[in-house]
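Take a look at the structure set out below.
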């Protein structure tokens, strides 16, 4: 099961310091580590269902989103001014090649960020959803593994009352105001 923990530190973490620590192997035993607003957040290795759901999400999105206009990626580092985040799945504007061949997407290039949440549900809702929305990502999905549903957050909505899609529903895939299709929620949990 995945476990998320905040790494306590007396120093201020910058992206430059974070990348030096990564290169030095400081976080090798911690799994995935992100820098969110100067705060280190470590997620232990995800459970089988977490990984399966992330793969299913990526594949379902790639099936309906044109690759010549959008980059759909899983576990892709996203550059933010004072943070380094790695959404479970993201959709960025523009094709992967040549646009992102030698660089990571920037947060302002994201049209959709997806977090797959099992044991990280409370943390993702409290920390990641507001972070993405405040950084300008127009749509954030939290794939709630425990309840087999997808929570859709937008800047216009409330963090406390997302649009919720259950197993019998289909979630619309809307990028920059254009709905490209729908994905059956059950697809994420197959």
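Can you name the residue in region 176-190 that is in contact with a strand residue (DSSP E or B) (Cβ under 7 Å, 6 or more places away or on another chain) and outside any strand (DSSP E or B) and, of all such residues, is nearest to residue 164 (Cα to Cα)? Once the filter is applied, the top-ranked residue is 185.
Considering region 173-189, the residues that are touching a helix residue (DSSP H, G or I) at 6+ places or on another chain (Cβ under 6 Å) and closer than 20 Å to residue 50 by Cβ include one that is surrounded by the fewest Cβ atoms within 10 Å (Cβ to Cβ), namely 187.
For residue 64, the conditions (1) surrounded by fewer than 15 Cβ atoms within 10 Å (Cβ to Cβ); (2) on the phi < 0 side of the Ramachandran plot; (3) out of contact with any strand residue (DSSP E or B) (no Cβ under 6 Å at 6 or more places or on another chain) are fulfilled apart from (3).
When region 75-96 is limited to residues that are in a strand (DSSP E or B), in contact with a strand residue (DSSP E or B) (Cβ under 7 Å, 6 or more places away or on another chain) and at pLDDT below 95, the one that is farthest from residue 12 (Cα to Cα) turns out to be 78.
Checked against (1) buried (at least 24 other Cβ atoms within 10 Å of the Cβ); (2) in contact with a helix residue (DSSP H, G or I) (Cβ under 6 Å, 6 or more places away or on another chain); (3) touching a residue at least 60 places away in the same chain (Cβ under 8 Å); (4) within 20 Å of residue 37 (Cα to Cα), residue 115 passes all but a single condition, namely (3). Only one of the numbered conditions (1) in contact with a strand residue (DSSP E or B) (Cβ under 7 Å, 6 or more places away or on another chain); (2) more than 26 Å from residue 175 (Cα to Cα); (3) at pLDDT 75 or above; (4) not in a loop (DSSP other than H, G, I, E, B) is violated by residue 20, and that is (1). When the residues of region 28-66 are filtered to those that are in a loop (DSSP other than H, G, I, E, B), at pLDDT below 75 and within 30 Å of residue 97 (Cβ to Cβ), the one that is nearest to the chain's Cα centre (by Cα) is 46. Selection within region 144-181: residues that are closer than 16 Å to residue 56 by Cβ and in contact (Cβ under 8 Å) with a residue 40 or more places away in the chain. The member of this set that is farthest from the chain's Cα centre (by Cα) is 181.
The values are calculated or read from the model by the stated rules, or taken from the named source; none is laboratory data. No experiment lies behind these values; they were computed from the predicted model shown. A quick note on method: Cβ atoms are made from the backbone with ideal geometry, for glycine too, and the neighbour counts reach across all protein chains shown.
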